[in-house]
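Engineer: Got a structure for you, written out below as C-alpha cells; questions coming shortly.
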Amino acid sequence: MTRFTVNDRPVQYRMDPDTPLLWALRDASNLTGVKYGCGTGDCGACTVDIDGEAVRSCQVSIAQTEGRFVTTIEALSPDRGHPVQQAFAADNVSQCGYCIPGMVMAASVLLRRNNDPSDEEIDAAIINICRCGIYPRLRGAIQRAGRIMRGEEQVAAAPPPGITPEEAARAVPALRKP
C-alpha cells in the first residue's frame, strides 16, 4: 500500500505499486483534470506538481510517489483564481482545452520559481504539446500571470467555475419530456 499526499490530503492506494500515478489519480481519486494524452511522457497532458516539480504523472509510479506531495489542477485554485488560470482565461489561451490542465500546472511551477521568466525560460519549461497550436497566446499568458503575481497587473475576475453537481442533478428532470 502506498501513502502520499494529494491536494493536501493524505491518501493510500491499494493498487499495484507499479501503477502510474496518472491512473491512481484519475481512477481511484476521480481527479480527472489529469489527462491521459500519450502515455510516454511526451505530451504533458498529465502534468502534476510533485514537491514543486512539474512531473508527467504517466511516467511515475505510485511507489515512486511514496511520502511525497502531489498537487493537481483541482487544488491549484478552487475558484480558478490562480494567476495562471486568470491569465489563460483573459488571453483566451484554451481552444479544445485538453492540454490546458497540464500546461497550467507546468506554468504554475515555473512561475513559483521565477515570476518574471524570459521567453527562453518559458520555452524550456513548457514543453507540453498542444494539437490546437496555442503557443503564441501561451507565452503571453504566462508573462501576464507573472505580472499578476508581481502585482503589476490585475485581471477583473476569474471565470465562474460552472455548474455544481447539485445544480446539474436538479436540472436533469427539467430536460425530460413528459
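The values are calculated or read from the model by the stated rules, or taken from the named source; none is laboratory data. Just so it is clear, the structure is predicted and the values come from calculations on it, not from any experiment. Here the Cβ is made from the backbone with ideal geometry for all residues, glycine too, and neighbour counts use every protein chain on show.
Engineer: Test Asp79 against the stated conditions and say whether it is among the acidic types (Asp, Glu), surrounded by fewer than 24 Cβ atoms within 10 Å (Cβ to Cβ) and either at pLDDT below 95 or in contact with a Gly (Cβ under 9 Å, 6 or more places away or on another chain) (or both).
Structural biologist: yes
Engineer: A follow-up question, please. Going by what's in this entry, would Ala45 be described as assigned to a strand (DSSP E or B), buried (at least 17 other Cβ atoms within 10 Å of the Cβ), outside the structural domain of Gly140 (by TED's automatic domain parsing) and aliphatic (A, V, I, L, M)?
Structural biologist: The answer is no for Ala45.
Engineer: Moving on to the next point. When the residues of region 28-38 are narrowed to those that are touching a strand residue (DSSP E or B) at 6+ places or on another chain (Cβ under 8 Å) and assigned to a loop (DSSP other than H, G, I, E, B), which ends up nearest to Ala125 (Cα to Cα)?
Structural biologist: Here the answer is Val34.
Engineer: Which one of Tyr36, Tyr135, Tyr98 is surrounded by fewer than 19 Cβ atoms within 10 Å (Cβ to Cβ), under 21 Å from Tyr13 (Cβ atoms) and aromatic (Phe, Trp, Tyr)?
Structural biologist: Within the list Tyr36, Tyr135, Tyr98, the selection yields Tyr36.
Engineer: Looking only at region 96-131, how many residues end up being among the hydrophobic types (A, V, I, L, M, F, W, C), farther than 21 Å from Cys38 by Cβ and part of a loop (DSSP other than H, G, I, E, B)?
Structural biologist: Total meeting the criteria: 0.
Engineer: Next question, about the same structure. Scan (1) at pLDDT below 95; (2) outside any strand (DSSP E or B); (3) out of contact with any Leu (no Cβ under 7 Å at 6 or more places or on another chain) for the single condition Val93 breaks and write down its number.
Structural biologist: With respect to (1) at pLDDT below 95; (2) outside any strand (DSSP E or B); (3) out of contact with any Leu (no Cβ under 7 Å at 6 or more places or on another chain), Val93 is out only on (3).
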